[in-house]
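Working notes, structure below.
The values are calculated or read from the model by the stated rules, or taken from the named source; none is laboratory data. Note that the structure is predicted; figures quoted are calculated from it, not measured. Here Cβ is always computed from backbone atoms with ideal geometry, including for glycine, and neighbour counts include all displayed protein chains. With ligands, DNA and RNA removed, areas are computed over all heavy atoms of the protein, side chains included. Shrake-Rupley method; radii C 1.70, N 1.55, O 1.52, S 1.80 Å.
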Amino acid sequence: MKTDFEENSWVINYSPDNYYNRKFSLQEDLQLSKGDKSITWVNTYGLEYMEEFKRMVDGNGLDDFLLRLLLNQKLGNKVIVLEDQLFIAARILKTEHHNMESEQMYFVISKDFNWCIQEKRGDHFDWIRQRIFENKGIIRKKRADYLLFFILETLIINYKDKYEESVVMENALDAIVKREPTPEFMFEVEQKKALIQDFKKASHGLRDIIIKLERVEVKGFQTKYFSELREQINGLITDIDSDIMELESQINLFFSVQGHRLNEVMKTLTIFSVVFIPLTFMAGIYGMNFENMPELKWPYGYFTLLGLMLMVTVISIIIFKRKKWF
C-alpha cells in the first residue's frame, strides 16, 4: 500500500531514447541518479513528509543540511550550493484561481535529477511534461539545468499572463467621468494596488533567484540559460512599475477633479449666500415690531425696500462678474 508521500509524488525519467511517467515508489524510485544519461524529475506535493524526505536525502547521499532547509516552511527565496547539488527555495504566487495565494516551492537539483517540492497541489508544468513525452525540441537531450530553466520560464510566463488578465489599467478620463469617490470605489482601488504589489514582490523574488543562478558554480550545471530569464523577468517588473506609476497618477488626477468639482459647488453656494445675506439683513430689520420705525407708515416704503434689495442684488452680481467668480 502506497504512503501519502508516494500518493502525492510523481516521477518522470527521460533520456534521448525513451521515458517513463508514473506514481513515485520509495522502493523503485528512491535512487534519483540512475548512473546513465537519463534525467529524473520528481514532483512532490506537500511539505509535511519529513520522514520520507529523510529517506530521500539519506538514500541519495545528499547533504543532510537539506533536512533543516526543508523544515523551514517560511524560507522565502534562497539559492544555496551544497557540494554537487543546488537547493532553491522560491515563494511563488499560485495563479490558477482568481483569489491568488502564495506557496513555498523547493528544488533540489543535480546534473541528472530535479526534485521539485510544492506546498500545494497543482502547477502549470503540463506543457513541459508533454514536450518530454512527445520528444519535442531538445529537452530530452539536455540535463537537469535545462529542465529547471523551463520550469522557471513557465512561472514567469504564468505571472505575465495572469497579470495582464487581472490588472487592466482603465482610461483615466473615462474613470473620472463615471466614478464617484465612494467607499466601494476606494476599496476597489486598494485591492488593485495590493494585487499589483503582490505581483511585484513575487517577480522581484524570482529575479533574485535568477540572478543568483547566473553566478553559481556547480559541477554539471550550466548557467547560460538564465540570462534570457533575467531579461524576461526584468521586462515584467518594468511593466509592473509602469502600471504602479500610472495607477498613482490616475488616483491623483481622479481626486484632483473631484476636488475641483467640490470647489465649484462651494463657490456657487458662496455666491448665493453673499447675494442673500444683505437681503436677509434688510428684511430682518423691517421685520422687527417697533412702533416708531418711520418707514412703516410711509406709503412707498414697501416698494422702496424691494427696489433697494434689487439694486443690492444687481451690484453684487456685477462685482462677481468683474472678479470672474462665475
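Points to keep in mind about this one:
- Subset of segment 247-270 [among the aliphatic types (A, V, I, L, M) and more than 30 Å from Lys192 (Cα to Cα)]: Val265, Met266, Leu269
- Residue check, Glu103 in a strand (DSSP E or B), in contact with a strand residue (DSSP E or B) (Cβ under 9 Å, 6 or more places away or on another chain) and of a type in the set (D, E, K, R): yes
- Applying the criterion of being among the aromatic types (Phe, Trp, Tyr) and assigned to a strand (DSSP E or B) to the residues of segment 1-15, the residue that is farthest from Leu26 (Cα to Cα) is Tyr14.
- Given (1) closer than 15 Å to Asn13 by Cα; (2) touching a residue at least 40 places away in the same chain (Cβ under 8 Å); (3) open to solvent by 20 Å² or more (accessible area, probe 1.4 Å); (4) of a type outside the set (A, V, I, L, M, F, W, C), number of the condition Arg131 does not satisfy: (2)
- The number of residues in segment 281-295 being surrounded by fewer than 10 Cβ atoms within 10 Å (Cβ to Cβ) and in a helix (DSSP H, G or I) comes to 2.
- Across segment 1-31, the number of residues qualifying as of a type in the set (Asp, Glu), closer than 17 Å to Phe113 by Cβ and open to solvent by 50 Å² or more (accessible area, probe 1.4 Å) comes to 1.
- Any hit, segment 81-92, residues being touching a Phe, Trp or Tyr at 6+ places or on another chain (Cβ under 9 Å), of a type in the set (A, V, I, L, M, F, W, C), more than 27 Å from Val167 (Cβ to Cβ) and open to solvent by 20 Å² or more (accessible area, probe 1.4 Å): yes
- Of the residues screened, Lys74 is one that is modelled with pLDDT under 85 and among the basic types (Lys, Arg).
- Selection count, segment 36-50, where residues are touching a residue at least 12 places away in the same chain (Cβ under 8 Å) and either open to solvent by 30 Å² or more (accessible area, probe 1.4 Å) or part of a strand (DSSP E or B) (or both): 10
- Unique residue being modelled with pLDDT under 85 and not in a helix (DSSP H, G or I) when the list is Val177, Val168, Val189: Val168
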